[in-house]
Amino acid sequence: MYHTYLTILIPAIVAFAVTVIATLFIKGYMLESGVISIDHNKKNKPIVPSSGGVAVAFGFASGLLVYIFGASFPTPAHPFYIPVASLTYIYATILAVILIALGGLLDDINVKGKMEKATGMKDIRKGLKQWQKPLLSLIGALPLMAVNAGNAFVDVPFIGMVNFGIFYPLVIIPLAVIFAANAFNLLGGFDGIAGGSALVMMLGFLVYGALYGSYIGTLIAAVTIAALIAFLALGAFAKKNVLPGDSFSYAIGAIIVALMIVGNMEAFGIIVFIPWFIEFILHARKRFDVTDLGTLQKDGTFKPPYGRKIYSWTHLIMNFKRCKEWEVSLYMWLIEAGFVVLAFALKFVHLLV
């Protein structure tokens, strides 16, 4: 058991260290390269580097590659350890995250020299067209489709076991990756709101995997948590911060789907992802031409940009209470934590039945 813990802990430590180095490098590199955005939540509207998600993707991939390294390079008698997780699934997950993060980077680097109308507001970062984003994020599904990852028998919440057959790898997986990546991308306008929410979700996956025997799910969640902590400390909450960008949201979306599929945690994952289902529906009410940001006030708080009209979780939060930036993010973390608790409660009830 101690040996098994080390095979999770060591990759997580490596993921943390690589993310720290990559974040520090990307801060300066992206700023010099013009991969920038305006931080609309600050009074002086500073220009800050963007696409910090590349650092998270590098850290995540490095951590899992360390796991593969230990299983692939033998001592004179045997490997360092016999792998518990499927190396095929791990390779597919790494490739999926790297490919989709690079796709998100293409969105992040579309920076203009002047303010232009983007999604619900004016910004120097125009990004891709709305119809291009789902097509671009499809690339993240290809590795998981190629190895026929997961099990076609899915425990759908409130329905039960459903056999999707050949439609699982060819239809369910690509649709899941496209939706998860683009839905997660809808909620990220405040410092730490996306990263913190992802961290809460991943902690839920970690505990679930440990309790219900999903070693690969525990491994992937632990590596992701380590990368997220490093990025939040040095990127989102640092004095000189870096915005996560679409490379971050796309990568996290791919990780979520990979956890659900290769970790056999589909039912749990659907419940904890409900806040983004709701966010998708709220944005769809305004045909996705909407911002989740608020209007900055002199006292540092934010008021909702559309009055009483709700097109995002953040609008609901700001209507409930005039919040500062960190408070908006904190409330969103608590909302996600509530859905994690709900997912465990439903699992517990299911086991009793």
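The values are calculated or read from the model by the stated rules, or taken from the named source; none is laboratory data. Given the structure is predicted, the values throughout are model-derived calculations rather than measurements. Cβ placement follows ideal geometry from the backbone for every residue including glycine, while neighbour counts extend to all protein chains displayed.
Contact map, the stretch 236-257: first residue touching a residue at least 24 places away in the same chain (Cβ under 8 Å), second residue of a type in the set (Lys, Arg), Cβ cut-off under 6 Å, separation 6 or more or different chains; pairs are VAL242/LYS27. Of all residue pairs spaced 6 or more apart or on separate chains, those with beta-carbon atoms under 7 Å, a first member in the stretch 325-347 that is among the charged types (D, E, K, R) and a second member that is in a helix (DSSP H, G or I) are GLU336/SER197; GLU336/VAL200; GLU336/MET201; GLU336/PRO275; LYS347/PHE268.
The residues of the stretch 279-325 that are within 26 Å of the chain's Cα centre (by Cα), acidic (Asp, Glu) and surrounded by fewer than 20 Cβ atoms within 10 Å (Cβ to Cβ) amount to a single one, ASP289.
Taken over the stretch 260-278, residues that are of a type in the set (Val, Ile, Thr), within 21 Å of GLY192 (Cβ to Cβ) and within 15 Å of the chain's Cα centre (by Cα) amount to 2.
Residue by residue, here is whether (1) touching a Ser or Thr at 6+ places or on another chain (Cβ under 8 Å); (2) under 24 Å from ALA92 (Cβ atoms) holds:
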site	(1), (2)
ALA210	yes, yes
GLY217	no, yes
ALA221	no, yes
ILE225	no, yes
LEU232	no, no
ALA236	no, no
VAL242	yes, no
PHE248	yes, yes
ALA258	yes, yes
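For MET332, state whether it is over 19 Å from the mean Cα position of the chain (by Cα) and in a helix (DSSP H, G or I). Against the criterion (over 19 Å from the mean Cα position of the chain (by Cα) and in a helix (DSSP H, G or I)), MET332 does not qualify.
The set of residues in the stretch 305-324 that are in a loop (DSSP other than H, G, I, E, B) and either on the phi < 0 side of the Ramachandran plot or touching a residue at least 40 places away in the same chain (Cβ under 8 Å) (or both) comprises PRO305, TYR306, ARG308, LYS309, ILE310, TYR311, SER312, LYS321, ARG322. Checked against (1) under 30 Å from PHE205 (Cβ atoms); (2) out of contact with any His (no Cβ under 9 Å at 6 or more places or on another chain), PHE302 passes all but condition (1).
Residues that are closer than 21 Å to ILE255 by Cβ and in contact with a Gly (Cβ under 9 Å, 6 or more places away or on another chain) within the stretch 151-173 comprise TYR168, PRO169, ILE172, ILE173, listed in sequence order.
Check the stretch 54-66 and report whether any residue there is in contact (Cβ under 8 Å) with a residue 60 or more places away in the chain and on the phi > 0 side of the Ramachandran plot. There is no residue in the stretch 54-66 that is in contact (Cβ under 8 Å) with a residue 60 or more places away in the chain and on the phi > 0 side of the Ramachandran plot. Contact annotation: residue pairs with Cβ atoms under 6 Å, 6 or more positions apart or on different chains, pairing a residue in the stretch 175-192 that is more than 14 Å from PRO275 (Cβ to Cβ) with a partner that is aliphatic (A, V, I, L, M) and outside any helix (DSSP H, G or I), are GLY189/LEU293. Scanning the stretch 49-63 for residues that are within 16 Å of ILE220 (Cβ to Cβ) and buried (at least 24 other Cβ atoms within 10 Å of the Cβ) gives VAL56, ALA57, GLY59, PHE60, GLY63.
Assigned to a helix (DSSP H, G or I), surrounded by 22 or more Cβ atoms within 10 Å (Cβ to Cβ) and at pLDDT 85 or above: does that describe ALA183? So ALA183 does not fit the description; no. Going by what's in this entry, would ALA17 be described as at pLDDT 85 or above and either of a type in the set (Val, Ile, Thr) or surrounded by fewer than 21 Cβ atoms within 10 Å (Cβ to Cβ) (or both)? Yes. Would you pick out the residues in the stretch 287-304 that are at pLDDT below 85, in a loop (DSSP other than H, G, I, E, B) and farther than 14 Å from MET332 by Cβ? Passing the criteria: ARG287, PHE288, ASP289, VAL290, THR291, LYS298, ASP299, GLY300.
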